[in-house]
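Undergrad: Have a look at this one before I ask anything.
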Amino acid sequence: MSPGFDWEPTMKMQNTLDRDVAHFSGWLAIGIFVVMAWVDYKFAVKLMSNPLPGPVAICAGAVLVQLWMLTGLTINPPNHSRVFIFLGVYQGTLREAGFYYVPFWYSSETVDTRAQTLETEELKVNEKAGNPINAAAVIVWRVNRPASSVLDVASVDAFVKTQAEGALRTVVMMYPYENFEDRGANGHEPAEEVLTLRNNQSAVAETLQAAIAEAVSIAGVEILDARLSKLSYAPEIASIMLMRQQAEAMISARRRLAEGVADIVKDALTKLADGDSPGAERIPGDKRAMMANNLMCVLLSGSSTQPVINVGAGH
């Protein structure tokens, strides 16, 4: 997370706490129903010899109730959960995959807890320096608290999408797109390091992930990953910024070339001053200055040079 990041969500409400629903093995339930069906069969056989209205009605009602109880058999697929409600009250969550029996009078809703991917729409946002840019993000998320995703928000998918776009806008406004002031005032000392959207994508991704995770925590959602998928200047300033980038690159290249040429000329003049070269002692100071100037012009010139031979007297 980048220094200075402070995300304070505006939503303050009590989250629904997940708890396990009362359940047991569905195969055990089937065994119990088989025993109950055998008892019903024996009772029906006895009634056939003396079919009184009262016992027949009781037997028929018992069979109907037992058939209704069969609706409590539940198959929960892997990476899914079921949230159970009775008379508007949350009763619990079934997380384990398998075949189970839960009270048949509960209603339930299935929640997919697999990882899902969301790509936000391309948004136009003003970055820290005020320049409009287009940005989009890819978020990997999953539900880790099924009860909250069902009971605390109307639609978890729409909620995550809206909150992700809001967090993306906030994070993009915290950073400049790029840092043009890459050198100090003297042109040599590097300026203080500034985190930018283009050059520090890992730090920006960490900040974005933390911001989205905080915003969607109320919905029982976990953010597994979040990063920028699209990042560019808005079309109305793209050409201007391209010219600025080209100018910065040219200035940087010229500065480095000038520094290298200065070192070469300095080394050549030092050798001449020390008399290491034959005839160096016969070259006066003004000629050495002219030589330095000519060397600078030749080495810094972007085109091939044409030699000029001075045949005048005294030269």
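The values are calculated or read from the model by the stated rules, or taken from the named source; none is laboratory data. Small disclaimer: the values here were computed from a predicted structure and weren't measured. All Cβ positions, even for glycine, are placed from backbone atoms using ideal geometry, and neighbour counts span all protein chains on display.
Undergrad: Sort through 93, 120, 110, 74 and tell me the only one that's assigned by TED's automatic domain parsing to the domain that holds residue 150 and of a type in the set (Ser, Thr, Tyr).
TA: 120
Undergrad: Of the residues 72, 26, 31, only one is of a type outside the set (A, V, I, L, M), farther than 28 Å from residue 148 by Cβ and modelled with pLDDT of 70 or more; which?
TA: None of the other options fit; the residue is 31.
Undergrad: With in a strand (DSSP E or B), modelled with pLDDT of 70 or more and of a type in the set (A, V, I, L, M) as the only criterion, which of 223, 264 stands out?
TA: Criteria check complete, one pass: 223.
Undergrad: Look at the stretch 93-108 and say how many of its residues are within 11 Å of residue 29 (Cα to Cα) and within 38 Å of the chain's Cα centre (by Cα).
TA: The total comes to 2.
Undergrad: Can you tell me how many residues within the stretch 124-133 are surrounded by 16 or more Cβ atoms within 10 Å (Cβ to Cβ) and within 19 Å of the chain's Cα centre (by Cα)?
TA: The qualifying residues number 3.
Undergrad: Looking at 138, 125, 150, can you tell me which residue is within 30 Å of residue 80 (Cβ to Cβ) and either in contact with a Leu (Cβ under 6 Å, 6 or more places away or on another chain) or in a strand (DSSP E or B) (or both)?
TA: None of the others qualify; the one that does is 138.
Yes or no, residue by residue, for (1) over 30 Å from residue 15 (Cα atoms); (2) at pLDDT 75 or above; (3) assigned to a strand (DSSP E or B):
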residue	(1), (2), (3)
184	yes, no, no
189	yes, no, no
204	no, yes, no
217	no, yes, no
251	yes, no, no
258	yes, yes, no
